[in-house]
Amino acid sequence: MDESRRFRVLVLSVVKHAYIPEAVAAHRQFELVAVADQLGVPEWIHARNQDFAERFSIPYLSDITGAIKKYRPDVAVISSEAERHCELAVEAAKAGLHIIVDKPLSNQLHECDRLVNVVRAADVRTLVWNRNFMPALQQTLSAVHAGRIGKLRAIHCDFYFAKDAGPPKGSRSGNDPPINWLKRQIDSHADGSDGAVGIQPMGELEVEGIYPLAYIHALCGASIKSVFARTASHFHQAHVDHSIDDLATVTLEMEGGIVGSLCIGRIGAASHPDLGAIKLHLIGTEGSLVVHESRPEVASFYRGQPASEFPHRRVADQYEYLLMEEFAKAIETGSETSLDVTAGREICRIIDACLRSARSGSVIKL
Amino acid sequence: MGIRIAVQPSIGQYGKIVEMLRCVRGVECIADVAAADGLITDDPVVLKQSDGSDQFALLLSPFQVDAGCLGDLAASEKVVPALHARSQPAVRQIKSEIDAGNLGQPGLLRSHDWDRSYALDDQRLAAHLDVAVWCFDQWPSVVYAVSRRDYVQMHLGFEGDGMAILDVDAGDSLGGSYQSLHLIGSRGAAYADDHENVQLAIDARGIEAVPTPQGDATLVNMLRAFYEVIRSGDSQQAEWRHVMEINRLVGAVHQSVAQQRPITLESSNG
């Protein structure tokens, strides 16, 4: 009989990636007890929260304090718009709840600082959702930590999502108004490409930069000393209209003389047959590694295959389960998680420096 | 009668080049240098001596030519700089996709070149910069570079949207070579990666990834390009201006490393 402790989970807003609370619910030690959100949020947010609550046959309350009091949760899982992540997490941490929060931690560094301070005072465990438990990443981590390539000299990460983001660049005629960012994000919820949902437009560095930087954080643990970045709105009209990036390159210099780089982009569905090209290149003093993040996978091709279907499907991927295993252990033993809010805050600081570098054309020291 | 090409006997790859010239349709490889329509050499001094002749020449290491000689070559219409990196099969394929418009406006070029069998010198950096400029059909406006022992990373920015990151490693830990190049454009992307071009060899000791050889395709492509120049009679002055600009770019890479800052370049575009 499984005698491990079970944790009661409050879903604090689920407007974006339902796969996070779904992954929480799938783990044997976690039980969703309610969905809650702030009373004053727009109606579309209430509707999404309500839908999710109905799917899991749990109540939805537009009253966070009341929900915490009534359902006595241990954990809050937050997948709101990025600009509310920290606000909701602060409220949960102050109530003593452990926190799982979607990426990015925030688009405001001062909000990250506020959360880190509250979490420290409340002594609760936190997890910023990440992909570090992907099988290929775990294999790479094992090789690096076992000394297979010696001391790390350079690390490079390509992180391209082959998704579209509305009409292509150049499609808006002179008389058309700019694309409404929030409306486009709300509309794109159906295909899961609404990672940047919110009032404030966010580019790919802000939305997806956490993934490759979390890889680098896990693989080398070295702090980043300087960044030089270039950004562009190269693919999508919505990004052009709001002067935000959908393509970026970053040169990183880390402690210990390690050199690194990032190539990030929302490169459009035509540019890759699957989710996108996600690769790692590591150079060490004793050897090197070239890694496909998507492996292992199975290829399927058949008559009538929808153009939107990925022919290569990842298999043997338990990253969500492993994240939750790690989080359960962190709550039970007080151990650290692979990416807590302090590390998430550091990544936001690096992204902020990258964006400042791209704007100024200069190297930003951290 | 085909186009007659002679190879200067003293050059390092003499035997291989003579052999590969047989793969180029329309070419007759001859020993008599004076009677040839084209000469293949690695010595700019030889070309100076034959200045004024009607003979075309392919100079194998144009990025090694010293500044004094470069001025003379730039005035020449018939000396062809061998921009060998462009002749690599993967590079040619990606460039043909760009030229066909399949990829749209180039946005990002990323390349890795890990190989300790070639020195990490200016010629090697120039070859990578040449490929980037060729793919973008534009000169970069800014370059930022970082360097470590046996390692250089070059980050280029182009006017408009374009950017490139190129890294070159010649470290001792490399027991074999690895290359990759991908180009992300506004309409599509092309990926060339040795990672995709390996076979598995399995024995009692374990499993090993073995690259599928590409033969001498790079050399043959370069010889074919030389043949086309002789056939067309095109002037090579613009190519030498290009070589000089690439050398200037290599200088900017060194300047960036030394000063630890991005170097803004005066426009060389059009």
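The values are calculated or read from the model by the stated rules, or taken from the named source; none is laboratory data. Everything numeric here is computed off the predicted structure, so don't read it as measured data. A quick note on method: Cβ atoms are made from the backbone with ideal geometry, for glycine too, and the neighbour counts reach across all protein chains shown. Note: areas computed on protein heavy atoms with side chains; ligands, DNA, RNA excluded. Shrake-Rupley method; radii C 1.70, N 1.55, O 1.52, S 1.80 Å.
How much length is gained if the chain between A:ALA146 and A:ASP123 is pulled fully straight, taking 0.36 nm per residue apart and subtracting their Cα-Cα distance, in nm to one decimal?
5.1 nm
Tell me, what HN-Hα J-couplings in whole Hz come from the Karplus equation 6.51 cos²θ - 1.76 cosθ + 1.60 at θ = phi - 60° for each residue of the range B:26-40, using x for Gly and Pro?
With the stated coefficients, the range B:26-40 comes to x, 10, 10, 8, 10, 8, 7, 4, 5, 8, 7, 6, x, 10, 10 Hz.
Residue by residue, what Karplus-based ³J(HN,Hα) values in Hz, rounded to whole numbers, does the range A:117-134 have, using 6.51, -1.76 and 1.60 with θ = phi - 60° and x for Gly and Pro?
Those phi angles translate into 5, 5, 4, 4, 5, 7, 6, 10, 8, 9, 9, 8, 4, 8, 10, 5, 9, 4 Hz.
Roughly how many Å is it from the Cα centre of the range B:102-121 to that of the range A:225-260, as a whole number?
18
Going down the list A:LYS16/A:LYS279; A:LYS279/B:LYS95; A:LYS16/A:LYS163; A:LYS16/A:LYS183; A:LYS69/A:LYS94; A:LYS70/A:LYS94, which pairs span over 19 Å between their C-alpha atoms?
Too far apart for the 19 Å limit: A:LYS16/A:LYS279; A:LYS279/B:LYS95.
Which three lengths, in whole Å and largest first, does the range A:207-271 cover when its Cα atoms are put on their principal axes?
Principal extents (Cα only, largest first): 41, 20, 17 Å.
Could you tell me what percent of the DSSP beta bridges with both partners in the range A:160-300 are antiparallel, to the nearest 5?
That works out to approximately 90 percent antiparallel.
Could you give the size of the charge dipole of the protein assembly as shown about its Cα centre, using +1 on the Cβ of each K and R and -1 on the Cβ of each D and E, expressed in debye and rounded to the nearest 20?
Value, rounded to 20: 900 debye.
Which of the aspartates and glutamates could be linked to B:LYS16 by a straight reach, that is with a Cα gap under 16 Å, when you skip same-chain ones fewer than 8 residues away?
Cα-Cα hits under 16 Å: B:GLU28, B:ASP42, B:ASP216.
Take chain A, connect every pair of alpha-carbon atoms lying under 10 Å apart with a spring to form a Gaussian network, then pick out the residue of A:TYR321, A:TYR302, A:TYR60 with the largest mean-square fluctuation.
Per the Cα network of chain A with a 10 Å cutoff, A:TYR302 tops the list.
Run the quick spin-label model on B:GLN259 and B:VAL198: label points 7 Å from Cα toward the beta carbon, then report their separation in nm to one decimal.
4.1
Could you tell me what percent of the accessible area of the protein assembly as shown is made up of carbon and sulfur, with a 1.4 Å probe and every protein chain present?
In the protein assembly as shown, the share of accessible area belonging to carbon and sulfur is 49 percent.
First select every other residue whose beta carbon is under 13 angstrom from the beta carbon of B:VAL210; then total the charges, Lys and Arg +1, Asp and Glu -1.
Local net charge: -3.
Please state the shape class of the protein assembly as shown: rounded when a/c is under 1.5, otherwise prolate if a/b exceeds b/c and oblate if not, all from the C-alpha gyration tensor.
Prolate is the answer for the protein assembly as shown, as a/c is 1.5 or above and a/b outweighs b/c.
For the range A:7-124, what is the relative contact order in percent, using Cα pairs closer than 8 Å and at least 6 residues apart in sequence?
Computed over the range A:7-124, the figure is 27 percent.
Between the range A:1-61 and the range A:161-181, how far is it from one alpha carbon centroid to the other, in angstrom?
Result: 33 Å between the Cα centres.
May I ask you to work out the translational diffusion coefficient for chain A at 20 °C, viscosity 1.002 mPa s, via Stokes-Einstein with Rh from the Kirkwood sum over Cα pairs, reported in whole µm²/s?
Value of D from the Cα-based Kirkwood radius: 100 µm²/s.
Provide the percentage of antiparallel DSSP beta bridges, counting only those with both residues in the protein assembly as shown; round to the nearest 5.
Roughly 60 percent of the DSSP beta bridges within the protein assembly as shown come out antiparallel.
Keeping all protein chains in place and using 1.4 angstrom, which order do A:SER223, B:SER111 fall into by accessible surface area, from largest down?
The ranking, largest first, comes out as A:SER223, B:SER111.
Using modelled amide H (1.01 Å from N, peptide plane; none on Pro or chain starts), what sits under 5 Å from the amide H of A:GLN38, excluding residues fewer than 5 places away?
HN-HN under 5 Å from A:GLN38: empty list.
What does the extension gain come out to for A:HIS189 and A:SER360, with contour length at 0.36 nm per residue minus their alpha carbon separation?
58.2 nm
Rounded to the nearest 20 debye, what is the charge dipole size of the range A:7-124 about its Cα centre when +1 sits on each Lys and Arg Cβ and -1 on each Asp and Glu Cβ?
340
So what is the relative contact order of chain A, in percent, for Cα pairs below 8 Å that sit 6 or more residues apart?
20
Would you mind working out the accessible area per residue for the protein assembly as shown, using a 1.4 Å probe, and quoting it in Å²?
Normalised by residue count, the accessible surface of the protein assembly as shown is 42 Å².
If Lys and Arg each add +1 and Asp and Glu each add -1, what is the summed charge of the other residues whose beta carbon sits under 11 Å from the beta carbon of B:GLN13?
So the environment of B:GLN13 carries a net charge of -2.
I need the P(r) histogram for the range A:201-240: all alpha carbon pairs, bin width 5 Å from 0 out to the longest distance, whole percents.
Binned Cα distances yield the sequence 6, 17, 22, 23, 15, 9, 7, 1.
Tell me, what does the Kirkwood hydrodynamic radius of chain B come to in angstroms if you use every pair of distinct C-alpha atoms?
Evaluated on chain B, it is 19.9 Å.
Could you check the spin-label model distance between A:SER335 and A:GLU43? Points 7 Å from the Cα along Cα→Cβ, value in nm.
In this crude spin-label approximation the distance works out to 4.8 nm.
At a 1.4 Å probe radius, which order do A:THR65, B:THR41 fall into by accessible area, largest first?
A:THR65, B:THR41
Taking a probe of 1.4 Å and counting only protein heavy atoms, give the total accessible area buried between chains A and B in Å², rounded to the nearest 100.
Summed over both sides, the interface buries about 3300 Å².
Give me, ordered by chain and number, the residues 5 or more places off A:GLU297 or on other chains with an amide H under 5 Å from its own placed amide H.
Amide H neighbours of A:GLU297: A:VAL315.
Ranked from the most accessible area to the least, with a 1.4 Å probe and all protein chains present, what is the order of A:TRP181, B:TRP134?
B:TRP134, A:TRP181
Taking only the alpha-carbon atoms of the range A:7-124, what semi-axes of the equivalent ellipsoid follow from 5 times the gyration tensor eigenvalues under a square root, in whole Å, largest first?
Equivalent-ellipsoid dimensions as semi-axes: 20, 16, 13 Å.
Enter the mean number of other protein chain beta carbons within 10 Å of the beta carbon of each residue in A:166-176, as an integer.
Per residue, the average neighbour count from other chains is 1.
Run down the lysines and flag those whose C-alpha is under 19 Å from the C-alpha of A:LYS225, throwing out any fewer than 8 positions away in its chain.
A:LYS151, A:LYS365
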